[in-house]
Amino acid sequence: MLRVKLFQSSRRLFEGTATQVVLPAEAGELAVLDCHAPMLCALAEGVVRIDEVHFPVRDGIVFVARNLVTIVTH
């Protein structure tokens, strides 16, 4: 199970657990699942999907480590 935190413009939009996070990375869509390798990635405009919940974003960054996904967007 992933722990997910999503922040947008200094406010928390989501904090909880998920089985999958799909991100609009600059190089294409990226899925993060349980036990994903650590990474830091730039986001492009699109939709962040945390299980069945969708959040539109313009850009941002995501950091993944030890089943914690931290997303900071505009």
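Each value in this text was obtained by applying a stated rule to the coordinates, not by laboratory testing. For clarity, every value in this text was computed on a predicted model and none was experimentally measured. Note that we place each Cβ from the backbone using ideal geometry, even for glycine, and neighbour counts take in every protein chain shown.
Amide H contacts under 5 Å for Ala44: Ala25, Glu26, restricted to partners 5 or more places along the chain or on a different chain, H placed in the peptide plane at 1.01 Å from N. With neighbour counts taken as other beta-carbon atoms within 10 Å, the residues Thr19, Thr73 rank, fewest first, as Thr19, Thr73.
With bins 10 Å wide beginning at 0, the percent of Cα pairs of the range 2-73 falling in each bin runs 22, 64, 14. Charge dipole (Cα centre; +1 on Lys/Arg Cβ, -1 on Asp/Glu Cβ; no other charges) of the range 2-73 amounts to roughly 300 debye.
Ordering 8-16, 24-32 by mean Cβ neighbour count within 10 Å, with the highest value first, yields 24-32, 8-16.
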